[in-house]
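Here the structure comes first, spelled out in structure tokens, and everything after it is commentary.
The values are calculated or read from the model by the stated rules, or taken from the named source; none is laboratory data. Because the structure is a prediction, the values reported are computed rather than measured. Positions of Cβ are generated from backbone atoms using ideal geometry, with glycine treated the same way; all protein chains shown enter the neighbour counts.
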Amino acid sequence: MSFEFNEYSKLTRVLVKPPLNSFVSQSVINENWKSHNYLDCPDLNVAIDEHEAFVQILAKAGVETLIAPVNEKTSIDSLYMRDSSLMTPHGMILCNMGKGERRAEGTAAREFYESNNISVLGEITAPGTIEGGDLVWFDENTLAVADGYRTNPEGIRQLSNLLPDVEVIPVPLPHWNGPSDVLHLMSFISPVDKDLAVIYPRMMPVPFMNWLKGRGINFVEVPDAEYDSMGCNILALSPRNCLLVEGNPITKSRMEEAGCVVQTYSGRNISYLGSGGPTCLTRPLARMG
């Protein structure tokens, strides 16, 4: 088997951070959910149950799950493990988060990787910013990177320098709801096979749409009614074997018509309220082809 850098080959190893290690306590949630722009206050006990069920789905798919520990430097947003780092062919790159409340997550990621003998290639430093939800591998030589409020041109420049053999494709993001909103590249595209991606077309920049078509990628389109419920944020467990948050029946049906097998999970407290779907909850460490 070969190690694959894309978003759809068989997922074999991920890093997650359970609610007890990220939310920590109900009192911490109560104090921070508004300032962190959550839609409502998560219930810790329900979040724990939701996350355990989510991890069980991964386990049944044969995915090894690593657990990130409590780190007092990080906030409740550290539940969303994808954003603090990027796995590359040469080791992990640590992100410098565009959201100020999350700046310490890169340091916490370094501590975890070094203590678990996972190689660190480098890090993005100020004034550069990058968040993992803005990074999408298409193959080991091609990485799409958002240019928006969370990931900036200086961050993209540093990333390109760290990956000289990789073609970095900048994707300008729209203003949408402004700097305080959670808008990542993976807010409107999730590749689920080499020739299929789930997209929210109204958000797609035309040059990026044409670039995808030029690669022979077909689309499943998420309807307007299911964009806010994260119909476009999909974790591929293997090609066309997908995990989607509950509450997106039209998207699920359209994916099945395109030949996908779609599992769903209950994610009101771990996904919907914090605007972080299944890709956000996981930092893929290995995919095999």
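Residues in the stretch 24-48 that are closer than 23 Å to Thr264 by Cα and either surrounded by 15 or more Cβ atoms within 10 Å (Cβ to Cβ) or touching a residue at least 40 places away in the same chain (Cβ under 8 Å) (or both): Tyr38, Leu39, Asp40, Cys41, Pro42, Asp43, Leu44, Val46, Ala47, Ile48.
Restricting attention to the stretch 252-270, the residues that are free of Cβ contacts under 8 Å to residues at least 60 places away in the same chain, under 30 Å from Cys41 (Cβ atoms) and not charged (D, E, K, R) total 2.
When Ser119 is tested against (1) more than 23 Å from Glu246 (Cβ to Cβ); (2) polar (S, T, N, Q); (3) out of contact with any strand residue (DSSP E or B) (no Cβ under 8 Å at 6 or more places or on another chain), exactly one condition is not met: (3).
Residues that are touching a strand residue (DSSP E or B) at 6+ places or on another chain (Cβ under 7 Å) and either outside any strand (DSSP E or B) or modelled with pLDDT under 95 (or both) within the stretch 233-250 comprise Asn233, Ile234, Pro239, Arg240, Glu246, listed in sequence order. Restricting the stretch 121-142 to residues that are of a type in the set (A, V, I, L, M) and without any contact (Cβ under 8 Å) to a residue 60 or more places away in the chain, the residue that is surrounded by the fewest Cβ atoms within 10 Å (Cβ to Cβ) is Ala126.
Among the residues making up the stretch 276-289, those that are at pLDDT 95 or above and either part of a loop (DSSP other than H, G, I, E, B) or over 17 Å from the mean Cα position of the chain (by Cα) (or both) are Gly276, Gly277, Pro278, Thr279, Cys280, Leu281, Thr282, Met288. Within the stretch 24-58, the set of residues being out of contact with any helix residue (DSSP H, G or I) (no Cβ under 8 Å at 6 or more places or on another chain) and closer than 15 Å to Arg283 by Cα comprises Val55, Leu58. Scanning the stretch 213-241 for residues that are at positive phi and not small (Gly, Ala, Ser) gives Met230, Arg240. Can you tell which of Gly148, Gly98, Gly155, Gly132 is within 30 Å of Gly214 (Cβ to Cβ) and touching a strand residue (DSSP E or B) at 6+ places or on another chain (Cβ under 7 Å)? Testing whether each residue is within 30 Å of Gly214 (Cβ to Cβ) and touching a strand residue (DSSP E or B) at 6+ places or on another chain (Cβ under 7 Å) leaves just Gly132.
Checked against (1) closer than 28 Å to Thr142 by Cα; (2) part of a helix (DSSP H, G or I); (3) of a type in the set (Asp, Glu), Asp49 passes all but a single condition, namely (1). Restricting the stretch 156-215 to residues that are of a type in the set (Ser, Thr, Tyr) and assigned to a loop (DSSP other than H, G, I, E, B) leaves a set whose member that is farthest from the chain's Cα centre (by Cα) is Ser180. Annotation note: of Ser190, Ser180, the sole residue that is in contact with a Ser or Thr (Cβ under 8 Å, 6 or more places away or on another chain) and in contact (Cβ under 8 Å) with a residue 60 or more places away in the chain is Ser190.
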